[in-house]
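Chemist: Have a look at this one before I ask anything.
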Amino acid sequence: MATYPNAEWRPLAAGSPGAPMDAHDIVCVHTMVGFLAGTESMFRENGWAGTESHLGVGGPADGALDGTVYQWVDTDDQADANLQGNHRLISIETSDGGDEKNPWSDAQLDAITGIIVWACQTYDIPAELIADSTAGQRGIGYHRQGIDPWRVAAGEKWSNSNGKVCPGDVRIAQLVDTIIPRVQAQVSGSGSGTVSTALILDAISPDAGVAGDQVVLTGSGFAPADGVSFGGVWVETWTIDSDSQITATVPEPNASGSVSVAVSTPDATSDGVWFSYADSSTPPSPPTSSLTLSFIGPDTSTAGSQVVLTGSGFLAANGVSFGDVWVDTWTIDDDSQITATVPEPVTSGSVWVSVSSPDATSDSISFAYEE
């Protein structure tokens, strides 16, 4: 039995998934487009007969489980997360809170690095990025390398969900620029592999409010920060939560309207992002989410089985359809997740799944009915 020492062992069912690994060529990183608990619930729905990954890593959206590692499948057995690559890939799912654009947290970066170091040392996997999903490649990869349209012509197909963004560009950059150098350093015994990060301020949330409100700044290179400014006014109360996040209290403005917010270090000042001071007598408008369907899991099953849809804007949903068939049993779990029971099909094969609201219909994702 092969389990990662720092993981919580949580097998999906009694016994074994059945098929042993033919080889251990690649450690493949995924993004959940969801949460750790929700993904585990989906995996458990069909036990070894459904879709599952070897390991999963919690994120900030999972609260205290940020950086926690679950192991669902022995890495000497196949997990059904990479289609044609199941026989030779170790799969790691990572929580993103329902948005593949979210970066990995510091705790997730540490956890993913630890898993990959262990896998490389245990199975003699090269600590380097693979070029593509073709047979014979060995090293560290990400799921999108085996998904159309990014998959190379001769590459193994690692998913039937064409266009599935798994993971997003931000996480791919973190894999290449942060995780793999750390893995290489630890595998070679040269230390922690910590790399310096450029000072970048990506976003402020919320981006409008009044003095005294608390806001969260996200980006990179925040560890050496020595100041945060709002339109030239230095913030008195602020905290470096991690290298990628700062929490700050909005200061009194020296002018009305919008101001540029920036983070400073002894050596640099970030580009600014805009923050709008609102009239404190006017309550802020509630946030709105566009209706987006980004993932269905599993994407192959039978009528009567349960699937999880992830995306955004689901609180306004009034229907889910599989082809021309409306779903009878479905539940809005939250604004980014719907659980639905697959309806009886009117045709065999694949159908398009979409979510509808009174004002819009999401883009569609392919779902295949099993015979």
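Chemist: Within segment 179-216, take every residue that is closer than 17 Å to residue 118 by Cα and among the hydroxyl-bearing types (Ser, Thr, Tyr) and give me the one that is modelled with the highest pLDDT. Spell out the reasoning first.
Modeler: Step one: list which residues in segment 179-216 are closer than 17 Å to residue 118 by Cα, which gives 179-193.
Filter again for among the hydroxyl-bearing types (Ser, Thr, Tyr), leaving 188, 190, 192.
Values: 188: 75, 190: 38, 192: 37.
Applying the filter and picking the extreme gives 188.
Chemist: Given the conditions (1) over 23 Å from residue 181 (Cβ atoms); (2) surrounded by fewer than 24 Cβ atoms within 10 Å (Cβ to Cβ), which single one is not true for residue 4?
Modeler: Only one criterion in (1) over 23 Å from residue 181 (Cβ atoms); (2) surrounded by fewer than 24 Cβ atoms within 10 Å (Cβ to Cβ) is unmet by residue 4, namely (1).
Chemist: Further question: For segment 303-326, does any single residue satisfy the condition of being buried (at least 16 other Cβ atoms within 10 Å of the Cβ) and aromatic (Phe, Trp, Tyr)? So that I can check it myself, show each step before the final result.
Modeler: If we filter segment 303-326 for residues that are buried (at least 16 other Cβ atoms within 10 Å of the Cβ), which is where we start, we get 305-314, 316-317, 320-323, 325.
Within this subset, residues satisfying the condition of being aromatic (Phe, Trp, Tyr) are 314, 322.
Yes.
Table: residues versus (1) outside any loop (DSSP other than H, G, I, E, B); (2) modelled with pLDDT under 95; (3) farther than 28 Å from residue 300 by Cβ.
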| position | (1), (2), (3) |
| --- | --- |
| 61 | yes, yes, no |
| 73 | no, yes, no |
| 79 | no, yes, no |
| 90 | yes, no, no |
| 93 | yes, no, no |
| 100 | no, yes, no |
| 107 | yes, yes, yes |
| 112 | yes, no, no |
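Chemist: Among the residues of segment 236-272, write down those that are in a loop (DSSP other than H, G, I, E, B), small (Gly, Ala, Ser) and free of Cβ contacts under 8 Å to residues at least 40 places away in the same chain. It would help to see each step written out before you state the result.
Modeler: Here is the first cut: in segment 236-272, the residues in a loop (DSSP other than H, G, I, E, B) are 236-237, 243-244, 250-257, 265-268, 270-272.
Next cut, small (Gly, Ala, Ser) only: 244, 255-257, 268, 270, 272.
Within segment 236-272, 255, 256, 257 qualify.
Chemist: Please state which of the following conditions residue 250 fails to meet, knowing it meets all the rest: (1) exposed (fewer than 13 other Cβ atoms within 10 Å of the Cβ); (2) modelled with pLDDT of 85 or more; (3) over 30 Å from residue 162 (Cα atoms).
Modeler: Of (1) exposed (fewer than 13 other Cβ atoms within 10 Å of the Cβ); (2) modelled with pLDDT of 85 or more; (3) over 30 Å from residue 162 (Cα atoms), only one is false for residue 250: (1).
Chemist: Let me ask something else. Go through segment 257-307 and give me each residue that's modelled with pLDDT under 85 and under 16 Å from residue 210 (Cβ atoms).
Modeler: 257, 258, 259, 278, 279, 280, 281, 282, 283, 284, 285
Chemist: A further question follows. Of the residues 163, 139, 114, which is in contact with a Pro (Cβ under 8 Å, 6 or more places away or on another chain) and either over 29 Å from residue 370 (Cα atoms) or not small (Gly, Ala, Ser) (or both)? Step through it out loud before you land on a result.
Modeler: Working: 163 fails: either over 29 Å from residue 370 (Cα atoms) or not small (Gly, Ala, Ser) (or both); 114 fails: in contact with a Pro (Cβ under 8 Å, 6 or more places away or on another chain).
Result of the check over 163, 139, 114: 139.
Chemist: Take residue 179 and decide whether it is among the β-branched types (Val, Ile, Thr), touching a residue at least 40 places away in the same chain (Cβ under 8 Å) and within 24 Å of residue 110 (Cβ to Cβ). Show your work before the answer.
Modeler: Details: among the β-branched types (Val, Ile, Thr): yes; touching a residue at least 40 places away in the same chain (Cβ under 8 Å): yes; within 24 Å of residue 110 (Cβ to Cβ): yes.
Criteria met by residue 179.
Chemist: Would you confirm whether or not segment 9-17 contains a residue that is within 29 Å of residue 341 (Cβ to Cβ) and at pLDDT 95 or above? Let's see the steps before the verdict.
Modeler: Pass one, segment 9-17, residues within 29 Å of residue 341 (Cβ to Cβ): 10-17.
Then keep just the ones that are at pLDDT 95 or above; that gives none.
No; the residues of segment 9-17 include none that is within 29 Å of residue 341 (Cβ to Cβ) and at pLDDT 95 or above.
Chemist: Which one of 173, 154, 127, 203 is of a type in the set (A, V, I, L, M, F, W, C), surrounded by fewer than 18 Cβ atoms within 10 Å (Cβ to Cβ) and in a loop (DSSP other than H, G, I, E, B)? Spell out how you get there, then give the answer.
Modeler: Working: 173 fails: in a loop (DSSP other than H, G, I, E, B); 127 fails: surrounded by fewer than 18 Cβ atoms within 10 Å (Cβ to Cβ); 203 fails: in a loop (DSSP other than H, G, I, E, B).
Of the residues listed, the single one that is of a type in the set (A, V, I, L, M, F, W, C), surrounded by fewer than 18 Cβ atoms within 10 Å (Cβ to Cβ) and in a loop (DSSP other than H, G, I, E, B) is 154.
Chemist: Could you pull out the residue among 139, 155, 227 that is touching a residue at least 24 places away in the same chain (Cβ under 8 Å) and touching a Ser or Thr at 6+ places or on another chain (Cβ under 8 Å)?
Modeler: Numbers: 139 fails: touching a Ser or Thr at 6+ places or on another chain (Cβ under 8 Å); 155 fails: touching a residue at least 24 places away in the same chain (Cβ under 8 Å).
Every option except 227 fails the conditions.
Chemist: May I pose another question? Quickly run through segment 233-266 and pick out the residues that are closer than 21 Å to residue 59 by Cα and among the hydrophobic types (A, V, I, L, M, F, W, C).
Modeler: Within segment 233-266, 240, 246 meet the criteria.
Chemist: Another question, if that's okay. Which one is surrounded by the fewest Cβ atoms within 10 Å (Cβ to Cβ), of the residues in segment 33-66 that are among the aliphatic types (A, V, I, L, M) and within 17 Å of residue 334 (Cα to Cα)? Break it down into steps so the answer makes sense when it comes.
Modeler: So in segment 33-66, the residues among the aliphatic types (A, V, I, L, M) come out as 33, 36-37, 42, 49, 55, 57, 61, 64-65.
After this cut, where a residue has to be within 17 Å of residue 334 (Cα to Cα) as well, the list is 33, 36-37, 42, 61.
Details: 33: 30, 36: 24, 37: 15, 42: 22, 61: 20.
This residue is 37.
The values are calculated or read from the model by the stated rules, or taken from the named source; none is laboratory data. Fair warning: this is a prediction, and the values are worked out from it, not measured in the lab. Glycine also receives a Cβ, built like all others from the backbone with ideal geometry; neighbour counts cover every protein chain displayed.
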